[in-house]
Amino acid sequence: MSELNPFVIAQRQLDECARILNLDDSVREILRVPMRELHVSIPVRMDNGKIRVFQGFRVQYNDARGPTKGGIRFHPDETIDTVRALAAWMTWKASVVDIPLGGGKGGVICNPKEMSQGELERLSRAYIQAISQIVGPEKDVPAPDVYTTPQIMAWMMDEFSKIHQKNQFGLITGKPLELGGSAGRGDATARGGCYTIREAAKHVGLDLKGATVAIQGFGNAGNFAASLVCSLFGCKVIAVSDSKGGIVNEAGLVGEAVLKHKANTGSVVGFPGSKPISNEELLELDVDILIPAALENVITDANAGNIKAKIMCELANGPTTPEADDILYKNGVHVIPDFLANAGGVTVSYFEMVQNFYMYYWDEELVHQRLDKKMTSAYHATLQASNKYGINMRKAAYVVAVGRVVEAMRLRGRL
Ligand code: GLU
């Protein structure tokens, strides 16, 4: 049976990498745990006049290569171990694309779908207040993640600016364009993933024109991926899903129309001309490209053997367990692992930080070009390590990323 605690998985992945790189045990000990974590209780006045206390976390995993960086999740199933794992993956993510940042992550246990805008705003402001001592443009820079939005980033930036009595655009990334956001940040995670798909397709010899695609998840990453694989490469998206279920149409689904349907009804389910399909069935469809873009642990030893895609591009964080990884590798599925595939988000976040620091903003074309360069070289560095060591792409991405973090720690004199 697959282990499903994401932090245990993250530690196992690191142990395996330490073995391949022959790392000293003391180095491994440092890298296995976060350098700092803050647990906060956040009282928020709800619309009914009563106060509710929410639990929140901010984990700073490793800052050897620069200020820690990573999103904030608002999710009812959030746990400290999930946040720890995600903070570790952020460390490897920033390193694999070679941007000068460390890794961190935040989370609040809440269900934004059941909260009013006013309640969400009060929670967002109270959370950033509660963690304000350990975050900041040169310390730790949050961003959007599951169920958090540019509007939430704007509230947090505003609250932090009030505390410091000056504008602090650099506190947080993924902000609206009007408030120091970067062009191209909205679809950056999906676009970065698409650049890796383009390189992977050359590697496995897949013609992307007309290639079939299934996408699990229709949030910050999945919905942009659905339109980008069509507009950039002429792929055919035949199935998409969200937390309520999925839809399939062999003739192809039009991204914009599905998005409109979801905006009107709250789900992709019931889209005219499509057949219903479960989230689990979607993963096993006979497609060329599979994009898990929802939550953790959806591909385990129970279903990995049924995956038929040639390329699997993980836009979600942690969708695949280590047991499943071994099965996929044996079956020849080319996996573009999460912290490489979805690094486009943090890469453009880094561009946003740079623009905030020098108060001069780039146009979208420049963002795309620079993103493409980062993603393409990260993909090839990983592929090269995979060939050199005869290991799967996830282990290879670890080898590249952890190697750089260890070198930074050594140069700082921490080892
Ligand atoms: N939440 C995104 C991720 O997991 C983006 C993080 C960021 O931009 O800092 O990569």
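The numbers here are math on the coordinates, done by the rules we state, and not lab data. Keep in mind it's a predicted model, so treat the numbers as computed, not measured. Methodologically, a virtual Cβ is constructed for each residue, glycine included, from the backbone with ideal geometry; neighbour enumeration extends over all protein chains shown.
Distance from the Cα centre of segment 217-235 to that of segment 153-188, in angstrom?
Between the Cα centre of segment 217-235 and that of segment 153-188, the gap is 26 Å.
Could you check how many percent of all C-alpha pairs in segment 28-130 are farther apart than 22 Å?
Cα-Cα pairs of segment 28-130 separated by over 22 Å account for 35 percent.
Starting from segment 20-82, pick out the trypsin sites (Lys or Arg not before Pro) whose DSSP state is loop and whose Cβ has at most 13 other Cβ atoms within 10 Å.
Numbers: sites: ARG28, ARG32, ARG36, ARG45, LYS50, ARG52, ARG58, ARG65, LYS69, ARG73; in loops: ARG32, LYS50, ARG65.
Answer in residue order: LYS50.
Only Cα pairs within less than 10 Å get springs; with that Gaussian network setup on the chain, which residue of GLY70, GLY170, GLY252 has the largest fluctuation?
With Cα springs under 10 Å in the chain, the top fluctuation among GLY70, GLY170, GLY252 is at GLY252.
Calculated from DSSP H runs of 4 or more alone, at -39500 (n - 2.57) each and per residue, what is the 222 nm mean residue ellipticity of the chain, nearest 500?
Numbers: 14 runs with 188 residues, N = 415.
Taking each H run of at least 4 residues, the total per residue is -14500 deg cm²/dmol.
Which three extents, in angstrom, do the Cα atoms of segment 258-373 have along their principal axes, listed largest first?
So the extents along the principal axes, rounded to whole Å, are 50, 39, 21.
Roughly what percent of Cα-Cα pairs across the chain reach past 42 Å? Numbers along the way, then the final one.
On the way: 6966 of 85905 pairs.
Roughly 8 percent, rounded to a whole number.
Taking the Cα atoms of segment 159-213, what is the range of coordinates along each of the three principal axes, in descending order and whole Å?
Taking max minus min along each principal axis of the Cα atoms, segment 159-213 gives 56, 17, 15 Å.
So which of LYS69/LYS388; LYS260/LYS308; LYS162/LYS262; LYS69/LYS162; LYS209/LYS310; LYS113/LYS260 end up more than 25 Å apart, counting from Cα to Cα? Provide the component values of the computation, followed by the final result.
On the way: LYS69/LYS388 30 Å; LYS260/LYS308 30 Å; LYS162/LYS262 36 Å; LYS69/LYS162 22 Å; LYS209/LYS310 15 Å; LYS113/LYS260 19 Å.
As for pairs spanning more than 25 Å Cα to Cα, those are LYS69/LYS388; LYS260/LYS308; LYS162/LYS262.
According to the square roots a ≥ b ≥ c of the eigenvalues of the Cα gyration tensor, what is the shape class of segment 188-277, taking rounded for a/c under 1.5, prolate for a/b larger than b/c otherwise, and oblate for the remainder?
Note, shape of segment 188-277 comes out prolate.
Quick one: which residues, 5+ away or cross-chain, put their amide H under 5 Å from the amide H of GLN168? H built at 1.01 Å from N.
SER161
In whole Å, what is the distance between the alpha-carbon centres of segment 335-359 and segment 1-49?
Value for the Cα centre distance between the two parts: 21 Å.
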